[in-house]
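Enquirer: The structure follows.
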Number of protein chains: 2
Amino acid sequence: MRKADVIIIGGSAAGATAAITARRHYPEKEVFVVRQEKQVSIPCGIPYIFGTLGSASKNIIPDAMLEKEGVKIAVETVKALDVLRQTINTTEGVITYERLILATGSLPGRLPVPGFDKDGAFPILKDIAHLEALQKRLQSASNVVVIGCGFIGIEFADEIRKLADKKVTVLEIAPYCLSLAYDEEFCVEMQTLVRSRGIDIRTHAKVAEIQGNGRVESVRLSDGTAISADVVIFGVGAIPNVEIAKAAGIKLGPTGAIAVDRAMKTSNENIFACGDCAEKISFFGGRPSPLRLASIATLEARIAGANLYSIRREHDGTVGVWSTAVGGLAMATAGLTETAAKQNGYDCVAVVVEGPNRHPGGMPGGAPTKLKLVFEKNTGVLLGGQVRGNESAGEIINTVSACIQKRMLAEDIATFQMGTHPALTASPIAYPLVNAAEIAISQMRKTRA
Amino acid sequence: MRKADVIIIGGSAAGATAAITARRHYPEKEVFVVRQEKQVSIPCGIPYIFGTLGSASKNIIPDAMLEKEGVKIAVETVKALDVLRQTINTTEGVITYERLILATGSLPGRLPVPGFDKDGAFPILKDIAHLEALQKRLQSASNVVVIGCGFIGIEFADEIRKLADKKVTVLEIAPYCLSLAYDEEFCVEMQTLVRSRGIDIRTHAKVAEIQGNGRVESVRLSDGTAISADVVIFGVGAIPNVEIAKAAGIKLGPTGAIAVDRAMKTSNENIFACGDCAEKISFFGGRPSPLRLASIATLEARIAGANLYSIRREHDGTVGVWSTAVGGLAMATAGLTETAAKQNGYDCVAVVVEGPNRHPGGMPGGAPTKLKLVFEKNTGVLLGGQVRGNESAGEIINTVSACIQKRMLAEDIATFQMGTHPALTASPIAYPLVNAAEIAISQMRKTRA
């Protein structure tokens, strides 16, 4: 029987990060990543396989990252977990552990409509063989329908549209694409851009059936419209993969994911969980959070990995920070949108500022940047931010995230010490973050007066 | 006699921002910017006039920014300030004030060597006529020598080198260029890049004399070397412009700038100062800081403007955040370098990480990003950071700055909630900020054990 000090089940963003963290915090311990994939896809890079990268083999988490830290990798499928004996059963035998981290990820969400399983209907799996099969199928497809217009739907659609001779349609049940991430004005802007790139986005579109004789031929909407389709891709969320945990008697939480405390410990003293398979609570109010992102997974993994043998850090709750990019336009979001803040019961002040990301605006690479900040009205605490701009928007949002995490007030942000440069950023006189905070302060003062 | 509620002397980064802030905080008050320039140069944009922009007229702070906020602009030269009568005397007459903000900026530093005033020797003034004269002179110059290899020296040299048929030499007394901003490994990298672009950087170069018969002909170094020069540009720092303040009896501070408290108030109850003319104290230890940057000026202006009629905010001390960019390579710095931290008496741990700014690294626009973080060893407090990368480095440094300002610990940063995207940022598994903090934690633990 093989022995490991620490076993991590799963080798994607959560598993890899948990393993590296465990080695850094407990260098005397042997850490095994047990995963079923020979090679692991970079989860967020999957849409780019189909256009920009051209191959699933160019989107791999390098094992060298793990090997450099002394992590052992075992490619085998876990069949069962015995929490009393502290062992896992795999296709290759039994391994004992002192501590275990469940990083089993998620499975693609299913749409409860007839025809979901027809040939040519593809859920989004991270499995490389599956992705290669989809890629092959796309080569001969003329009509591609993507169901769900969140980040993944938009990114898939835009990448597939880069291939020759494809009609790409995206179906979204909500009034706008990306409506969970952004307020309406940002959603509409991205939607308009994506449409201008030749993609047919249909909102308010409720899918009734995937039609076809064995093989998909069309998607029928609830209003009776039928859209021709050779390939249908489902970007409709993710379901925590909790099978092993559940069978082993580990408690699940309110959303059906593995229940964890703030240290990422499960109901079993020696077992932690992180990533898509684990329950999340919101940084705002502590309610369960439905967000499933690689960046969230890696944070949880850094907490789980550090806490294995003594509790060293705790989770403050999920802020939710993420971004997307289409055709040189980047959009990023952190924390609550204005809509979400109001839905969560916050009385809030929202400010939008827009200006060039260079100074003077005529410097090369100049593009208008739009920033929205949402503050709680009475306290002035920053609840969320949204940015639309060029490449740098992907890092601007991380400054916004820092402000949210440290519960900074509009006043703190108005006196933020930022660096600026003509060729790299907006002007210090009108730096968007600071400018928006100062305008919010004026508005809050007016409301109080 | 004209009357104003608030007078701001100076219309550059500090003056303009102070005026906008005053109007936002005290909308019932009339705010006058009194400045001598009809049009005001963007200070940080000045080097780009000579190459990228092509004209001083393309590098102007737009008056519309002020007018939109209801700020009045008076183009006249202030000759004296009478603090008892609360008036200023200008070339156009007398104006009374309730509150005054001194934003009189700085004058170029002088080099104590013979020949400093020869025809063809140019200090860096913000005055447009002066900049146009320099530009005209550069057209016919073959040999250009820039004295001082800080940001300004490098940016001037690189922009002038973009013009046809110029030999450009930069003289630096220190062993490396940019040594006040970066640790050696970053300085050397930038220096190598700048040299590879055909610019002759000479370090350890002490200027002894500007030679020539009336007009500059060469620069003689203390080792006897003479370097041919048609134009000599001095990028050797800035001296606070305190003439009006001093004559009016307002107290000066230890470095000769206008003394201010944490509210940016001077020794006179009704007078504030901000920007290059005002004293600065460091965020680290509270000693006087020699930094003079537009971004620092605008922060001070936001404090001064908000405090005019009641104290609403205070200065925590200057962190110092700034960046530069040459040929697509951006470098940025915040807080203390490792060298400066040690000079300031801190026992510190420094970590350098390097990796692609995309995931996978093969995504378009991918470039290696290097990040260095410096922590105080016993507390784990972040003291400073340096970034080398592409455009986004200019915003990554602002996340670093947020962490410094909130006195975040390595532990806080290791659990930072960042957003990532394949087309915009590094991978969440190896996000540089978080990765560097985690490595620092391992190192600090080892040191303690």
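Enquirer: Sorted from shortest, what are the nm distances separating the label point of A:Gly285 from equivalent points in the other copies, each placed 7 Å from Cα along Cα to C-beta?
Expert: 4.8
Enquirer: Right, next: Direction-averaged shadow area of the convex hull around the Cα atoms of chain B, nm²?
Expert: 23.3
Enquirer: Roughly what % of DSSP beta bridges within the stretch A:121-236 run antiparallel, to the nearest 5?
Expert: 30
Enquirer: Whole-Hz ³J(HN,Hα) for each residue in the stretch A:312-318, computed from phi via Karplus 6.51 cos²θ - 1.76 cosθ + 1.60 with θ = phi - 60°, x for glycine and proline: what do you get?
Expert: 10, 8, 10, 8, 8, x, 7
Enquirer: What nm distances, shortest first, do you get from the label point of A:Thr91 to those in the other copies when the point sits 7 angstrom along Cα to Cβ?
Expert: 8.4
Enquirer: I want the antiparallel fraction of DSSP beta bridges within chain A, as a percent rounded to 5.
Expert: So the antiparallel bridges in chain A amount to around 60 percent.
Enquirer: How high is the relative contact order of chain A, in percent, counting Cα pairs under 8 Å that sit 6 or more residues apart?
Expert: Across chain A, relative contact order equals 13 percent.
Enquirer: Return a whole-number percent for the relative contact order of the stretch A:1-160, with Cα pairs under 8 Å and 6 or more residues apart as the contact set.
Expert: 28
Enquirer: With both partners inside the protein assembly as shown, how many of the DSSP beta bridges are antiparallel, as a percent to the nearest 5?
Expert: 60
Enquirer: Apply the Karplus parameterisation 6.51 cos²θ - 1.76 cosθ + 1.60, with θ equal to phi minus 60°, to every residue of the stretch A:3-19 and state each ³J(HN,Hα) to the nearest whole Hz, in sequence, with x for glycine and proline.
Expert: 3J(HN,Hα) across the stretch A:3-19, in whole Hz: 10, 9, 6, 10, 10, 10, 8, x, x, 8, 3, 5, x, 4, 5, 4, 5.
Enquirer: Quick query: amide H of B:Arg2 versus all other amide H atoms, modeled in the peptide plane; which residues come in under 5 Å with a sequence gap of 5 or more or a different chain?
Expert: Distant-sequence amide H within range of B:Arg2: B:Val94, B:Thr96.
Enquirer: Along Cα→Cβ at 7 Å, what distances in nm separate the A:Gly249 label point from those on the other copies, shortest first?
Expert: 8.7
Enquirer: Would you mind computing Rg(Cα) / (2.2 N^0.38 Å) for the stretch A:356-449, counting N as its residues?
Expert: Normalised Cα radius of gyration, the stretch A:356-449: 1.09.
Enquirer: Structure shown: which of A:Lys118/A:Lys167; B:Lys3/B:Lys265; A:Lys342/B:Lys68 lie over 27 Å apart, alpha-carbon to alpha-carbon?
Expert: A:Lys342/B:Lys68
Enquirer: While we're on this one: Any idea what the alpha-carbon Rg over 2.2 N^0.38 Å comes to for the stretch A:121-236?
Expert: Rounded to two decimals, the normalised Rg is 1.01.
Enquirer: Per-residue HN-Hα couplings for the stretch B:166-183, Karplus 6.51 cos²θ - 1.76 cosθ + 1.60 at θ = phi - 60°, whole Hz, x for Gly and Pro?
Expert: 10, 9, 10, 10, 10, 10, 9, 6, 6, x, 9, 6, 6, 5, 7, 9, 10, 6
Enquirer: Would you mind computing Rg(Cα) / (2.2 N^0.38 Å) for the protein assembly as shown, counting N as its residues?
Expert: Cα-based Rg divided by the globular estimate yields 1.02.
Enquirer: Would you list, by chain and number, the lysines whose Cα falls below 17 Å from the Cα of A:Lys58, excluding same-chain residues fewer than 8 positions away?
Expert: Hits, sequence-local ones excluded: A:Lys38, A:Lys126, A:Lys136.
Enquirer: Please list the non-local residues whose amide H lies under 5 Å from the amide H of B:Cys348, H modeled 1.01 Å from N, same-chain partners needing a gap of 5 or more.
Expert: Correct list: B:Lys377.
Enquirer: Would you mind checking which residues have amide H under 5 Å from A:Ser267's amide H? H placed 1.01 Å from N; only 5 or more apart, or other chain.
Expert: Under 5 Å from the amide H of A:Ser267 lie the amide H atoms of A:Lys251, each far enough along the sequence or on another chain.
Enquirer: Arranged by the count of other C-beta atoms within 10 angstrom, fewest first, what order do B:Ile46, A:Ile429 take?
Expert: Exposure proxy ranking, most exposed first: B:Ile46, A:Ile429.
Laboratory data are not the source of any read-out in this text; all were calculated from the coordinates shown. Since this is a predicted model, take the numbers as computed values, not measurements. Quick reminder, even Gly has a Cβ in these numbers, built from the backbone with ideal geometry, and neighbours come from all protein chains shown.
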